[in-house]
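Read the structure below first, then the notes.
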Amino acid sequence: MKKIWILCIASVFMFSCKSEDKKDTEVEENVEVKLTEMQQNLNKYVNVKLTADLSSLTDNEREMLPILVDAANKMNDLFWYEAYGDRDALLSEISDEDTKKYVMINYGPWDRLNGNKPFVNGVDEKPAGSNFYPKDMTKEEFEAADIQDKSSIYNFVRRDANGKLYSIPYHKQFENEVKSVSDLLMQASKLADDAGLKKYLKLRAQALLNDDYQKSDLAWMDMKTNTLDIVIGPIETYEDQLFGNKAAHEGYVLIKDQEWSARLAKFSAYLPELQKGLPVDDDYKKETPGTDSDLNAYDVVYYAGDCNSGSKTIAINLPNDEEVQLQKGTRRLQLKNAMQAKFDKILVPISEVLIDESQRKHITFDAFFANTMFHEVAHGLGIKNTIDGNGTVRSALKEHASALEEGKADILGLYMIQQLHAKGELTDDLKDNMVTFMAGIFRSVRFGASSAHGKANMIRFNFFKEKGAFSRSENGTFKVDFDKMEDAMTDLSNLILTLQGNGDYDGVAKLVAEKGLISEALQADLDRLSLANIPVDVVFEQGKKVLGL
């Protein structure tokens, strides 16, 4: 009897333990599912330490560099306000540390690599106008409103106590913050040995206090011999997806690679000649691009604000001011160390999954660098003002302007490479550029519909598919048809330049609606990249400590 009793107790104990184990497992599984979901989001990014060789810097430059980093860092707070609003209030409501990390990467609770879908409980869809406008404002209300400096890219639109719309300039909204940044730039200017850099820093410091950036843009274009550089202020208009008009704050701190830059210097001189040869009617290429453009390679040592949100920029083409562009051209800055990181950690692994084995030999860093570089150069080609004289292309195409401009730069960049090959100025295999270009489409499409670059690549993928520029094999890899890709490149160049020159808002909207989409078949292929744990983009370990300053 005693043995039976002991067995009963043991059975109850064992059952109880199994029940508890089962409950613990269920709890662990539930927790794991939640963490895995956010961890999968975090795994879209791969960590990259942002460093550079500082040995060539002078003592003054080494002293100036941390000041420039401090100035750029302040752009983070300004962009947070523009993209979302109150960062601290948002973070205080989130207990999960992984979610907080993802919020910081995205500068808000919306996933920039997933069409800006909210990933924090209780958060609504992202307003198209971010925090530049009242969330309840319609396009029609804005267009009908009497607002001071209505077309300015440097102000917020707000409601007064009576609900009437009014504007407030950035330098008033951020009065304390821009004064602090201005002081830092003035401090840095005192250490500048280069006269051009000294002048630019002083003018940029003043511009932050009154939102008049043209003088500093012109001074920035005149800089030729500086080693250190900083791009800072309200610059790109991607964040405003309501009108594509309001500029967002960002900052880059850069160190010029003098050797690489010397190799690139000659290419900007070809812009006027290449403009004349564009595959479009003469009315759409009457403008003459500035020939005072710079083409340089840099190591970037700090990103902040707009350029640091979601997918990271690997090349810069500025200024955006059309008057400065026509007068001086633009400067094209290739961010070599960031580019190398994306090539090694993202593009090569993508090619091993999606590019036909026979063409993988054509995936090269030199081709990736050239494609990216000539993308930036190609921003200077084409047309900035509509042919009917009714303003700029940007104002005519509104929220679609950025995506179409990025699409133009991609396709005309490849056109430039083709033309320079024909002239003998480029000697590498053109097939390298084409296959690397194809792999680059897969890389950039993953940025999603909320990104102008992602949308531009979706349009190009679907256009190329219709033209037979590539084929997909049964094993799920893609192979470029080189002749058909050249034809498709010419046709798409003509289409984009015509839409821009006509200021054809409806035509661009139709193009985006029909071709700016990821098909189920393409999404299935992109999902294979995720299953292979290939990151979508990079997140930087950066700052003074990383640089050893």
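The values are calculated or read from the model by the stated rules, or taken from the named source; none is laboratory data. Since this is a predicted model, take the numbers as computed values, not measurements. Reconstructed Cβ throughout: ideal geometry from the backbone, glycine too, with neighbour counts over all protein chains shown.
A few points about this structure:
- Matching residues, the range 492-506, being in contact (Cβ under 8 Å) with a residue 60 or more places away in the chain and either of a type in the set (Lys, Arg) or more than 18 Å from Phe463 (Cβ to Cβ) (or both): Gly501, Asn502, Gly503, Tyr505
- Exactly one residue among Tyr213, Tyr200, Tyr284, Tyr252 is more than 30 Å from Val157 (Cβ to Cβ) and buried (at least 23 other Cβ atoms within 10 Å of the Cβ), and that residue is Tyr200.
- The listed residue being without any contact (Cβ under 8 Å) to a residue 24 or more places away in the chain, of a type in the set (A, V, I, L, M, F, W, C) and surrounded by fewer than 21 Cβ atoms within 10 Å (Cβ to Cβ), out of Ala509, Ala469, Ala524: Ala524
- Residue within the range 112-119 that is basic (Lys, Arg) and free of Cβ contacts under 8 Å to residues at least 12 places away in the same chain present: yes
- Scanning the range 170-193 for residues that are over 28 Å from the mean Cα position of the chain (by Cα), buried (at least 18 other Cβ atoms within 10 Å of the Cβ) and not aliphatic (A, V, I, L, M) turns up just one, Ser189.
- Scanning the range 225-272 for residues that are at pLDDT 90 or above and either of a type in the set (Gly, Ala, Ser) or under 29 Å from Leu57 (Cα atoms) (or both) yields a count of 23.
- Any chance Gly129 is assigned to a loop (DSSP other than H, G, I, E, B), surrounded by 14 or more Cβ atoms within 10 Å (Cβ to Cβ), among the small types (Gly, Ala, Ser) and on the phi < 0 side of the Ramachandran plot: yes
- Restricted to helices (runs of 4 or more DSSP H) entirely inside the range 182-288, those with at least 2 residues that are out of contact with any helix residue (DSSP H, G or I) (no Cβ under 7 Å at 6 or more places or on another chain) and of a type in the set (Gly, Ala, Ser) are 258-264.
- Qualifying positions in the range 136-192 - free of Cβ contacts under 8 Å to residues at least 60 places away in the same chain, hydrophobic (A, V, I, L, M, F, W, C) and within 21 Å of Ala396 (Cα to Cα): Met137, Ala144, Ala145, Ile147, Val157
- Entirely in the range 290-348, the strands (runs of 3 or more DSSP E) that have 1 or more residues that are farther than 30 Å from Lys276 by Cα, at pLDDT 95 or above and not aromatic (Phe, Trp, Tyr): 294-305
- The range 504-539, residues that are part of a loop (DSSP other than H, G, I, E, B) and within 23 Å of Ser311 (Cβ to Cβ): Gly516, Leu517, Ile518, Ser519, Ala532, Asn533, Ile534, Pro535, Val536
- Of the criteria (1) under 26 Å from Gly503 (Cβ atoms); (2) in contact (Cβ under 8 Å) with a residue 12 or more places away in the chain, which one Gly233 fails: (1)
- Boolean, Ser167 is farther than 16 Å from Ile67 by Cβ, among the polar types (S, T, N, Q) and assigned to a strand (DSSP E or B): yes
- Screening Lys361, Lys345 for residues that are under 20 Å from the mean Cα position of the chain (by Cα) and surrounded by fewer than 21 Cβ atoms within 10 Å (Cβ to Cβ) leaves exactly one candidate, Lys345.
- Residue, nearest to the chain's Cα centre (by Cα), within the range 42-92, restricted to residues that are within 30 Å of Thr225 (Cβ to Cβ) and among the small types (Gly, Ala, Ser): Ala72
- Number of the condition not met by Ser95 [criteria: (1) among the hydroxyl-bearing types (Ser, Thr, Tyr); (2) part of a helix (DSSP H, G or I); (3) surrounded by fewer than 17 Cβ atoms within 10 Å (Cβ to Cβ)]: (2)
- Filter result for the condition that a residue is assigned to a helix (DSSP H, G or I), modelled with pLDDT under 95 and β-branched (Val, Ile, Thr), over Val69, Val31: Val31
- Within the range 375-397, the set of residues being part of a helix (DSSP H, G or I), in contact with a Gly (Cβ under 7 Å, 6 or more places away or on another chain) and either surrounded by fewer than 20 Cβ atoms within 10 Å (Cβ to Cβ) or free of Cβ contacts under 8 Å to residues at least 60 places away in the same chain (or both) comprises Ala378 only.
- Condition met for Lys135 (part of a loop (DSSP other than H, G, I, E, B), under 21 Å from the mean Cα position of the chain (by Cα) and of a type in the set (Lys, Arg)): no
- Close pairs (7 angstrom Cβ cut-off, 6 or more residues apart or separate chains): more than 17 Å from Gly440 (Cα to Cα) and surrounded by fewer than 24 Cβ atoms within 10 Å (Cβ to Cβ) in the range 401-414, at pLDDT 90 or above and of a type in the set (Ser, Thr, Tyr) anywhere: Ser402/Thr237; Ser402/Tyr238
- Residue match in the range 86-102 (condition: under 24 Å from Leu254 (Cα atoms) and either in contact (Cβ under 8 Å) with a residue 40 or more places away in the chain or out of contact with any Pro (no Cβ under 6 Å at 6 or more places or on another chain) (or both)): no
- The residue that is surrounded by the fewest Cβ atoms within 10 Å (Cβ to Cβ), among those in the range 287-322 that are of a type in the set (Val, Ile, Thr) and over 17 Å from Ile255 (Cβ atoms), is Thr288.
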